[in-house]
Structures are given as structure tokens and as C-alpha cells.
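Undergrad: Before I ask anything, here is the structure I am working with.
The values are calculated or read from the model by the stated rules, or taken from the named source; none is laboratory data. In this text, all values refer to a predicted model and were calculated from it rather than measured experimentally. Note that each Cβ is placed from the backbone with ideal geometry, even for glycine, and that neighbours are counted across all protein chains shown.
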Amino acid sequence: MPAPCSSSPAIEIRDLCVNRGGAQVLKNLQLTVNPGEVYALLGGNGAGKSTTLAVLMGFLRPTSGTARVTGLDTASEAAAVRGRIGYLPETVALYETLSAYENIAYFLGLSGARPTRSEMDAALDAAGLQAEARTRRTAGFSKGMRQKVAIAMALLREAPVLLLDEPTTGLDPVAAADFNRLVSGLRERGTAILMVTHDLLGAADCADRIGLLAGGVIVEEARPRGEVDLLGLHRRLGEAATG
Amino acid sequence: MRLGQELRLFLRQRLAVPTLVLLALLSTVSVATGLWEVRRQTETIARIQPLQAEEEKAVSAWVSREGDAGNAAYYTFHATWDPPAALAFAALGQRDVAPYVLRVRALALESQIHEGEAYNAELALSGRFDWAFVATFLAPLILIVLLHDLVSGEREAGRLQALQAAGGSTGLWLRRAGLRLGLAFVALGAPFAAGAWISGAAAGVSLAALGATALYLAFWALVCLGVGALGRSSVANGALLAATWVALTLVLPALAHLLINSTIPVRQGVELTLAQREAVHAGWDKPKDATLNAFFAAHPEWRDTPPVLTGFHWKWYYAFQHLGDLSVADQVAAYRRGLEARDAWTARAGWFLPAVGLQTTLHRMAETDLAAQLAYQDRIRAFHERLRRFYYPYIFNETPFREGDFAKAPRWAEDG
Amino acid sequence: MSPVLRIAANELRLLARTRVAQIAVALVVALSAVAALTAISQGRESQEIRSRFQAQADREFDGQPARHPHRMVHYGHFVFRPLPALAGFDPGVDAFTGSTLFLEGHRQNSANFGDVRQSSLLVRFGQLTPAFVIQALGPLVLIFIGFGALARERESGLLRLHLAQGVGARQVLAGKVVALAAVAGLILAPALIALVWLALFGGAPAPAVAMLAGGYAVYLLVWVLITTSVSALAPSSRSALALLVAGWAVSAILAPRLATDIALAAMPQASRLETDIAIQRDLKKIGDSHNPDDPHFNAFRASVLKSYGVSRVEDLPVNYRGLIAMEGERLTSALFDRYAERQFAGQREQSRMALILGLASPTLAVRSLSMAASGTDLEGHRRFLQQAEAYRYTIVQGLNRLQAEALTFSDDTNRNRDPEAGRRVRIDPGAWRRTPDFVYRPASTAEALTAALPGLALLGLWAGLAGSLAWGAGRRLARGAG
């Protein structure tokens, strides 16, 4: 296994093309996310956001081009790559008959880790899951609580890369703001975060860069801190979605 | 019309038409195999009559030379048969293991009447693929496929609220369930109706069989609706209904069988044949007078015939044959009571286990159940009585039995 | 712990916390236990009844008074088919065959008083035996518990969460297989205990017990693999459930009945009555003892006279009537054997044809294996019929020989006219006691295991099929996980 080069970007996508069912979903996509950076990928339905995540997770092989995570090729070293990624799907699935602790212990155990209770508590504290919920079965957990469990897992695994799929969809405004604060906190730890969303305001709130994905390419990139023209971006997002 | 609209909607569903076609196909195949089996049985019955006539001629050829009526009664077999009822094709029942053709002689009957048929027990163990089987076991499964997602399917497709907003209420679900039930019933019942017509069954009993089946299907439709009303997902409904089906058609009937057979043991069959043999053969060693006097108590009309003086006389022989039967009459009755009690408890179980109820009803209508088997035995007993009474005058009056006398023997009549 | 075991352990923990799974497994285990207890106790009881009846029949035969030997030929003998030790586990066709046979001279009776004719229609619903519970209900419980194993996790996203931990799709599949196999083991446990009990205390042969245990384990494993694979391959958990229940219904409910009808339609058998008549006719063709000018019996007399060097039957040192009886019995028995052989061959063909449909039904395959190894298949009944017929021939010919050797021709001829002759033909009843009792020789273990081979082969085929299905499902799952 080639050792990851510490100086390389956490996520590096070069000339990525993916064809699915005869249609070209991604066309020469270029994307780089560095450690400690939050990148928000915006786009309408069918823009290629989920495909990008699937390629990064190694679920999907690129038709051409490469995708690397901490320097590892996602296609040829999928298993190793997955070990470095913390992944939050749109709805975090947990075993409902298991408690938060049990879920974490089980899923981490799959990769051989054995976190102690205090390590789990530390991660859950960082993720912000209230203590009394941790021993409860997750059947009644809200989406936000489930995300916190998943983030705790990513923290425990010390994953250098976090992939977030529509993390704030379906969250109430308070919970969404809470989540965005959490993401900002993770950035401080040096995690590279790629967030797929269509929540422009939320993205603007916590992302370092925003990429507008349309028709399989990034049509526009912006840095929200400073000069971003939110309204203009919003309009172009709409145009990209319809056009 | 709204029902027509529902029909179009239903038939456009992916599983609807294949499921109904499958049921119609299974029903048709079962009716066809049933008709084939019934024809085979009818042909067997038709085949044995000329065979039997030739047998009789062969016996007559040497017996009438000496004219000994005892030999005639001893060597002549008389065929009996139990033709399949018109609906037998739909529920073949016990006719695979119980003989529907049986020959008897004027000797002791109890050693003849329990005779079995030659059949392949491994195949009997599996049972037959008849219409009653399709109706009882497979039709409910088909209904479950059609009805388990009646409401939950709409909810999962996100249409439930829209349907309810559009005034869809109990009426809508009943209409939809009724439609599916009706179509399943037609797919199941039409081949049966055709089979009943082909075999010339009376309209009354055919309709009654269809009615019982309709009730059975309606029961399952209600179960489906009831489970659906719990508001679970389609897959949970499917699992729960399949489990209910297993319990009601496999597990509980098997438990009932276990319970009935162990609470009502039937051992008299073996006991009575053992006892009857003892009684018959003890006749050889008893004083002839004692035997004959006992016989004359049952048949006083022969009391004044010439006495037996020689070492062997047919009078005496047939007397102790009959006494053997009489000696076990109580056991025969007890045996029969045991069998009837088992049957009666099964019918009672049918009130709680619809599958048992339908099987009992259909087999009764098809006259292929235990009761029909016992009724056939009753007719054999009556026939045997006629046979004895036919031979007795020749034997007791020592009248020569000649060729022409063979034709005078009682013949098995299908109406008993 | 490897990921596969971890996944399996977790799956079992989840099942232990799911009420439906708890109830389903508890019910089938309870049912299996009840079935095992009742089957063993009923088997023992009916074996006791049969041996009691057999003892009674032996005693009655031995206790007959002085008689003409031919009277004893017609007095006959009753024999009862003993239940094999493993009938408590799988009674097989026992209920569907008569268990007692009346043996007498120049007649072949049917085995009578089988449960099937003494029971109501309920007997057709299946008997609650350990074999039935595992054959029919075991797979169904596995289906109910396992249909969602992968389908539901794929629907919910839990599968992806597994893969995101760096676990391979095949490992997930393997973990679910291991977990479901553990459930299968639980379902099998009461039956295994019953089998071990029968081996230790019931005299069941250990190799047959091992064969049964192995056969049923493979059978349930086949369903474990099929269930998990279909769960992995089906588009949704709902279609997985539908597919699996349909497959089960075909295998356990539909195929056996269809097989029966196909076999019966392809090879119908003559009714007993027709066979009787055919035997009578053939007999008359060979030799008619009622015909004084019958060529066969004339030739027989000539050869007997020649071999003793006398010219009249009255001058023979033996009773010619006894010789005639022996010759007659020899002829009828040869015909009985020939027709029985033909009938057995026909039935074997039918059963073989029905078993071929085991290609469509693992249940048929395991049922065949189970009955054969338990000694309760049709072959066991045939063995009883053949041994009973051989015994019948032995005792009848023994009695005929007594008639030939212990009686004089003139006494035998004049027994009804001359009371003294009539007294002399009644021979000492010690002869009845010297007649051997019927001893049934059950299938040897080797024979039982050989008979179980076709079922085992079919089951092996199914295991291969299910294994490759699971392999293919693993590949599909790994490829289509995105």
C-alpha cells in the first residue's frame, strides 16, 4: 500500500468522466479539497453530485480520469480509501434496535477498531449528542441525532476526509445551524470536508469554497468568505438546474 | 362505471394478470388431472365386470359338474364397486388408498371387507394435486399476493392521502378488495364449473361447492383486510399473512390430527380380525351341534333342514363362518364408532380451521371421505347378506347348484 | 474477530432483539420439540402395540389344538411390521401402509389397518413429526427471518455504511449467511437432540443418524444460502419475500403433489382386484387342480409315481394329497412372486420419477433421504411384504409337508367318512409350536444408507446450486453496491 503523501490534497479529482446508462454524467471534472478545507458542491438534481461521491467512495469506477483520496486511487484501492473516509449519507442509517454506543462499537469494529466508552463519549461530545441519548435504542433518533452518531464514528476513526451528502436537508433551521457549526469545528481539526448540498445559505455559512456543478462539470467556483455574490450564485444555480 | 375503472387500474398492475393466470392455470391442471383420475377409476370398474364374468364361467365349468352348492359359494367371487360421484374429480380424497373395487365371497365377511388396495404409499403420502388442494392451499396464497398491499401499497406510493382526500373510504377498499376476490374466485371456480359440467354433476351440489369455496376465499380476503388495517408496511403485511396461512393450513390442522388420533385410538380393527379368525377356526373343533344351534338362533328358518351326520358338511362350514362374523359384531361396531368419532371431531375442527372446513365440505360433496368409504362398506355388508341368503337354500336344502343357478346370484347394483 | 463473524454476531444480536424473529424461532423450536416428543412416544407406543399383537398371534398359533395340517394352512398367521427405531423421527410412509398382514395358504392378502384409512381427511394435511417440521416449516422460518437480511439493509443504506467501513460486500453476505445458519442450527437442535436420544436409547444405528443429521443440515443450509442470495439479488425486500415464499410453496407444497400426479399418470398401476384375477387365470393355464384330466397335475403324478417306483398313488410311502398341496402352493407362490415383483418394479419406477422432480424441489430430495435413512420409505414396506411372503411360503409348505409325511393317503381321503381316520389326521399340536415365528429383518444400515443416496445426491446438487447462487449474489452485490 503506497503511503499517503502528507503534502498532497485530501481529495483530488482529475479529468473525471463517468458514463452511466449511455449518458455522460461527469465530464472532465476537476476538483481538489485540501486538509482543513470545507468544499460545498452545489447543483440541481442529476447534476452529478451523488455520482461524484460514489466515485470517491469507490462504489463506482470512473470511465476515465482519476479520483484520489489522500493520494490513494479510489478505483484500485477502494477498501483502503473507504478506511480514510467518514461518510454521511443523506439519511444516516443506524441499527434501530441498537443504542448509539452499540452502533458505533459495531461499525468501528468492522475495521478492527475497539473504542473505549470514554473515547466514544469524547467523540459524541464533540459531535454534540446529548449524554442521555447515548444508551437509548436509535429507533427514535431524529436525523440530526443520527448525523451526530455518524460524525462521532468519523471522529473516532480519525478519518482525514469527510463526505457529507445533503446533510442539512430535512433539518429544522436551528438544527441546521447547529450542524454547520459542527462542520466548522471539524475543519479546525484539519479534516477535509466535501459537502454535497443544495442549501446555498448553509453552504455559504460554513464552506471555504462553493462549486456549482451542472451537467457534469463545475461551471463556477466561489469563496463565500469575502466577495461572494449570493444572489447571483443563487440565480445561476437555478439556471443550471433548469438548463 | 367506477368498478370498470378500478378493474383497468388493477389489471395494469405488474403482478395482477400473471397471478390470476397462474391461479387459473393451476385450477385447470388440477381439474384436468382429477377428471383423468376419475375416468381411470370408471374404466377400471368397467374393465372388471367382463373379467369377473369370465371368472364365474370358469368356476361354473367345474362346479356345476358336481353341482355342490358349497363349492359354488366357496369359489365364486362377487365383484362390488363404488363408482366415483360426479364431483369426485374435484376432491379425490381417500379413493387412492381405499379400494373402490372389491370382491367378496359368501364366507366370513370380516376377513374380506378390510382388504386394502395396492397403491404406492410414497405417492399417497404426498397426496394428489386435485382442485380441493388448489382451492384450500394455493388460492389463499394468491389472495395474499393480491391483497396484502391493498392499502399499504397506496401509502408507500404516496397516493393514500390523495385517495382519502378524493373521498376514498371504506367503500373504496371494499370495492377494490371485492374486485380482487371476485377475479380470483372466477380464476379458481371457472375450471371447476367446466369440470362439473363435463362430469355431469348436479347444479345444486356444484353450486354448493362453489359457495363453500367462495366463503373460504372471503374469509381469507377478510384476514388480508384485517391485517392491512393494522397499518403496517406491505412487506410486514406479507410476512404476517404468510405466517397466518402456515398456521391455519399446515400447523394447526396437523396438531388437530395429532390430538384427534391420540384421544380417539382405533385399535379394534386389528383386534376384531384376530378375534374373528379365532372364532371362525374354533368352529372346526367345536361340536357341530353347538355350532349349528347357535347359527339357527340367528337363522331359525334352516332349523328343520336335514341334520349333519358326516365329518364335513358345508352347512356346518357356512354356519361357523357366519358365527365368526357375529362374534365380533360388537368390535366391528366399536371400530366404526371410533372412525366416525374421528371424522366428527374433524368436522368440528373445521368450524375453527377454515382449511379443514373447506376440505371436509368438498370431500363430503365429492363423496370421497371416510364417511363415503364407510357407506361403501355398508353396501358391501348388505350385498354380502344377500349373497349368503342366496346360497343358503342350496346348501341347507342340499339342492344341486347347476350352471343356470350362477346367473341367479345377486348382482352388485350401483344404487346399493 | 473477523468482520464476517462480527457481522454475523451483530445480526444475531439484532434478531434476538426483534420480537417477530423471537416468536418465529421460539414457535418452530417448540413445535419441533413437541413433534419430537410425541413422535417418539407414539412410535414407541405403536411399536409396543404391534409387538403385543405379534406375540398374541404367535401364542394363538402355537396354542391351536390337534388338527389336520391343512386346517392350519387356512388358520394362517398374522404378522406385524415392526417400526424401525428412527420412525419416531420420520415415520415416512408408515401411516400410509397397512401394518399387519394375514398369511394363509394359496392366497395373498393385503397389509391392512394403516392409519391413513383409519383417519379422517386431516391425515392429508401432513403429520406433525420432527421431519415435517424441519422439511416444511424450517425453511419458512428461515425465509421470514432472512428475506430482509440484505434487501432491507440496502434499502435503508446500512449496507453502504458497512462498505464505508472498508468491509467487502461478500463479507457482509457471508456474515448474514453465518447468522442465518446459526438460526438454522437452532431450528435443527430439537430434532438433533431427538436423533441423538434415539441413537443412544432407541437402538437407532449411528451411521443412519449421522446421515439424517447431515442431510437436514445441508437441506437447511441450502435454504439459508437461497434466502440470503435472493435477499441480495431481489430489487426490494418485498419482492425478496414474495419470491422466497413462492419458491417455498413450489418446493414444499406444490412439487410433491404434482410429482404424484405426474408419476401416476405416466405409470398407472393395475388395481388389486385385476391382479388377483390375472393370477387366477395364469394359475389355471399352468395347472388346474380341480380338473381331473389336467395335463400339469397328470404329469406331476406320473413323475411322483416314477420317482417312487410305484404305479398307484395309494402305494406311495407319502400322502399324495400333501404332495399335491405342496405342488399347488409352489405354483401359486411363483405367480405371487412374479406379480409382486412386477408391482414393486412399477412402484419403484413411479417413485423414481417422482424423485426426479426433486430437481425442482429440495424438499422432495431431503424427504427421500430422510425416509430411506429412517427405514420408513416404501422400500421398507416392500421388504416387509417380501419377507412376509417368504415366511408364508415357508410355514405353508412346512404344514403341507406334514400333511404329506405325517398322514396316510387313505386316512386323508376317508377323513370325512371314517371318524377314526378323521381323528388320525389331526396331528399333534407340538408341530405348531415347532413352526418358526416371523422375524422381520429390517434394512441393514448399509442398505438404508444406499437407499438414501439418490436423495443425498439431489441434495448435494441443490447445495451446489445454492452455493453458486450465493457466490453470484456476492459478486452482484459487490458490483452494484453503488
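Undergrad: Restricting to helices (runs of 4 or more DSSP H) lying wholly in the range C:356-431: which have 1 or more residues that are among the hydroxyl-bearing types (Ser, Thr, Tyr) and in contact with a helix residue (DSSP H, G or I) (Cβ under 8 Å, 6 or more places away or on another chain)?
TA: C:362-374, C:378-406, C:409-414
Undergrad: Okay, moving on. So which strands (runs of 3 or more DSSP E) are wholly in the range A:30-106 and hold at least 2 residues that are within 12 Å of another protein chain (Cβ to nearest Cβ) and buried (at least 21 other Cβ atoms within 10 Å of the Cβ)? Please lay out each step first, then the result.
TA: Values: elements: A:38-42, A:64-69, A:85-88.
Because the criterion is at least 2 residues that are within 12 Å of another protein chain (Cβ to nearest Cβ) and buried (at least 21 other Cβ atoms within 10 Å of the Cβ), the strands (runs of 3 or more DSSP E) in the range A:30-106 that meet it are A:85-88.
Undergrad: Moving on. What number of residues in the range C:142-185 are at the interface with another protein chain (Cβ under 9 Å from one of its Cβ atoms) and under 29 Å from the mean Cα position of the chain (by Cα)?
TA: Looking only at that region, the number is 1.
Undergrad: So in the range B:358-416, with the set limited to residues that are part of a helix (DSSP H, G or I) and small (Gly, Ala, Ser), which one is surrounded by the most Cβ atoms within 10 Å (Cβ to Cβ)?
TA: Pass one, the range B:358-416, residues part of a helix (DSSP H, G or I): B:358-366, B:370-396, B:403-406.
If we keep only those that are small (Gly, Ala, Ser) as well, we get B:366, B:371-372, B:375, B:382, B:404.
Numbers: B:Ala366: 28, B:Ala371: 19, B:Ala372: 22, B:Ala375: 14, B:Ala382: 12, B:Gly404: 9.
So the residue we want is B:Ala366.
Undergrad: C:Ser2 is checked against (1) farther than 30 Å from B:Ala275 by Cα; (2) more than 14 Å from chain A (Cβ to nearest Cβ); (3) of a type in the set (Ser, Thr, Tyr) and fails just one. What number does that condition carry?
TA: Single failed check for C:Ser2: (2).
Undergrad: Against the definition (touching a residue at least 12 places away in the same chain (Cβ under 8 Å), of a type outside the set (Phe, Trp, Tyr), part of a helix (DSSP H, G or I) and away from every other protein chain (no Cβ under 13 Å)), how does C:Val250 come out, yes or no? Please lay out each step first, then the result.
TA: Numbers: touching a residue at least 12 places away in the same chain (Cβ under 8 Å): yes; of a type outside the set (Phe, Trp, Tyr): yes; part of a helix (DSSP H, G or I): yes; away from every other protein chain (no Cβ under 13 Å): no.
So C:Val250 fails the test.
Undergrad: Of everything in the range B:253-263, what is among the hydrophobic types (A, V, I, L, M, F, W, C) and facing chain C (nearest Cβ under 9 Å)? Give them in sequence order. Give the derivation first.
TA: At the first step, the residues of the range B:253-263 found to be among the hydrophobic types (A, V, I, L, M, F, W, C) are B:254-256, B:258-260.
Correct list: B:Ala254, B:Leu255, B:Ala256, B:Leu258, B:Ile260.
Undergrad: Only one of these is closer than 28 Å to A:Val69 by Cα, of a type outside the set (Phe, Trp, Tyr) and buried (at least 21 other Cβ atoms within 10 Å of the Cβ): A:Gly112, A:Gly128, A:Gly144. Name it. I'd like the intermediate steps shown before the answer.
TA: On the way: A:Gly112 fails: buried (at least 21 other Cβ atoms within 10 Å of the Cβ); A:Gly128 fails: buried (at least 21 other Cβ atoms within 10 Å of the Cβ).
It is A:Gly144.
Undergrad: Just the residues that are farther than 22 Å from C:Arg160 by Cβ, of a type in the set (D, E, K, R) and in contact with a Ser or Thr (Cβ under 9 Å, 6 or more places away or on another chain), please, taken from the range C:1-44.
TA: Correct list: C:Arg17 only.
Undergrad: Still on this structure: Do we have C:Leu195 as more than 10 Å from every other protein chain (Cβ to nearest Cβ) and within 22 Å of A:Leu108 (Cα to Cα) here? Spell out how you get there, then give the answer.
TA: Working: more than 10 Å from every other protein chain (Cβ to nearest Cβ): yes; within 22 Å of A:Leu108 (Cα to Cα): no.
When the stated conditions are applied, C:Leu195 does not pass them.
Undergrad: More than 14 Å from every other protein chain (Cβ to nearest Cβ) and touching a residue at least 12 places away in the same chain (Cβ under 8 Å) - does that describe any residue in the range C:266-278?
TA: Restricting attention to the range C:266-278, the residues satisfying the condition of being more than 14 Å from every other protein chain (Cβ to nearest Cβ) are none.
Within the range C:266-278 (the criterion being more than 14 Å from every other protein chain (Cβ to nearest Cβ) and touching a residue at least 12 places away in the same chain (Cβ under 8 Å)), the answer is no, since none of the residues qualifies.
Undergrad: Now a separate question. Looking at B:Leu225, B:Leu123, B:Leu188, can you tell me which residue is surrounded by fewer than 24 Cβ atoms within 10 Å (Cβ to Cβ) and among the aliphatic types (A, V, I, L, M)? Working first, answer last.
TA: Numbers: B:Leu123 fails: surrounded by fewer than 24 Cβ atoms within 10 Å (Cβ to Cβ); B:Leu188 fails: surrounded by fewer than 24 Cβ atoms within 10 Å (Cβ to Cβ).
The unique qualifying residue is B:Leu225.
Undergrad: Which number in (1) more than 11 Å from every other protein chain (Cβ to nearest Cβ); (2) touching a residue at least 40 places away in the same chain (Cβ under 8 Å); (3) in a loop (DSSP other than H, G, I, E, B) marks the one condition that B:Val266 misses?
TA: Failed condition: (1).
Undergrad: Go through the range B:360-383 and count every residue that is without any contact (Cβ under 8 Å) to a residue 40 or more places away in the chain and not aliphatic (A, V, I, L, M).
TA: Keep residues of the range B:360-383 that are without any contact (Cβ under 8 Å) to a residue 40 or more places away in the chain, which gives B:360, B:364, B:371, B:374-375, B:378, B:382.
Next, from what is left, pick out any that are not aliphatic (A, V, I, L, M): B:360, B:364, B:378.
Counting residues in the range B:360-383 that are without any contact (Cβ under 8 Å) to a residue 40 or more places away in the chain and not aliphatic (A, V, I, L, M) gives 3.
Undergrad: Now for a different question. Among the residues in the range B:207-227, are any within 14 Å of chain C (Cβ to nearest Cβ) and farther than 26 Å from B:Ser27 by Cα?
TA: Yes: one or more hits.
Undergrad: Please go through the range C:339-361 and give me each residue that is among the small types (Gly, Ala, Ser) and free of Cβ contacts under 8 Å to residues at least 12 places away in the same chain, ordered by number. Lay out the reasoning, then the answer.
TA: Step one: list which residues in the range C:339-361 are among the small types (Gly, Ala, Ser), which gives C:340, C:345-346, C:351, C:354, C:358, C:360-361.
Within the range C:339-361, just C:Ala345 meets the criteria.
Undergrad: State yes or no: is C:Gly214 more than 9 Å from chain B (Cβ to nearest Cβ) and without any contact (Cβ under 8 Å) to a residue 24 or more places away in the chain? Walk me through how you get there before you give the answer.
TA: Details: more than 9 Å from chain B (Cβ to nearest Cβ): yes; without any contact (Cβ under 8 Å) to a residue 24 or more places away in the chain: yes.
So C:Gly214 passes the test.
Residue by residue, here is whether (1) modelled with pLDDT of 95 or more; (2) within 22 Å of B:Leu272 (Cβ to Cβ); (3) at the interface with another protein chain (Cβ under 8 Å from one of its Cβ atoms) holds:
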position: C:Met72; (1), (2), (3): no, yes, no
position: C:Ala87; (1), (2), (3): no, no, no
position: C:Gly92; (1), (2), (3): no, no, yes
position: C:Leu101; (1), (2), (3): no, yes, no
position: C:Gly105; (1), (2), (3): no, no, no
position: C:Ser110; (1), (2), (3): no, yes, yes
position: C:Val116; (1), (2), (3): no, yes, yes
position: C:Leu121; (1), (2), (3): no, no, yes
position: C:Gly126; (1), (2), (3): no, no, yes
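Undergrad: Inside the range C:142-169, can you point out the residues that are over 15 Å from C:Ala232 (Cβ atoms) and not aliphatic (A, V, I, L, M)?
TA: If the condition is that a residue be over 15 Å from C:Ala232 (Cβ atoms) and not aliphatic (A, V, I, L, M), then C:Phe144, C:Gly157, C:Gln165, C:Gly166 are the ones that fit.
Undergrad: Within the range B:28-38, does at least one residue satisfy the condition of being crowded, with 19+ Cβ neighbours inside 10 Å, touching a Pro at 6+ places or on another chain (Cβ under 9 Å), over 21 Å from B:Ala193 (Cβ atoms) and of a type in the set (S, T, N, Q)?
TA: no
Undergrad: Restricting the search to the range C:186-213, which residues are surrounded by fewer than 20 Cβ atoms within 10 Å (Cβ to Cβ), within 19 Å of the chain's Cα centre (by Cα) and at negative phi?
TA: C:Ala206, C:Pro207, C:Ala210, C:Ala213 - these are the residues of the range C:186-213 that are surrounded by fewer than 20 Cβ atoms within 10 Å (Cβ to Cβ), within 19 Å of the chain's Cα centre (by Cα) and at negative phi.
Undergrad: Those residues that are farther than 15 Å from B:Gly231 by Cβ and of a type in the set (Ser, Thr, Tyr), I need them from the range B:155-174; list them, please.
TA: B:Ser169
Undergrad: Quickly run through the range B:112-131 and pick out the residues that are among the acidic types (Asp, Glu), within 7 Å of chain C (Cβ to nearest Cβ) and closer than 21 Å to B:Ala366 by Cα.
TA: As a first pass, look at the range B:112-131 and keep what is among the acidic types (Asp, Glu): B:115, B:117, B:122, B:130.
Going one step further and asking which of them are within 7 Å of chain C (Cβ to nearest Cβ), we end up with B:115, B:117, B:122.
Across the range B:112-131, the qualifying residue is only B:Glu117.
Undergrad: Of the conditions (1) in contact with a Pro (Cβ under 6 Å, 6 or more places away or on another chain); (2) more than 10 Å from chain C (Cβ to nearest Cβ), B:Val356 satisfies every one except a single condition; which number is it?
TA: Failing condition for B:Val356: (2).
Undergrad: Let me ask something additional. Could you tell me which of the residues C:Ala270, C:Ala278 is assigned to a helix (DSSP H, G or I) and of a type in the set (A, V, I, L, M, F, W, C)? Steps first, answer last, please.
TA: Numbers: C:Ala270 fails: assigned to a helix (DSSP H, G or I).
Just one listed residue meets the conditions, C:Ala278.
Undergrad: Another question, then. How about the range B:267-312: which of its residues are over 42 Å from the mean Cα position of the chain (by Cα) and surrounded by 17 or more Cβ atoms within 10 Å (Cβ to Cβ)?
TA: Passing the criteria: B:Lys288, B:Val308, B:Gly311.
Undergrad: Let me ask another. Answer with yes or no whether C:Pro235 is closer than 26 Å to B:Ala243 by Cβ and not in a helix (DSSP H, G or I).
TA: Working: closer than 26 Å to B:Ala243 by Cβ: yes; not in a helix (DSSP H, G or I): yes.
The answer is yes for C:Pro235.
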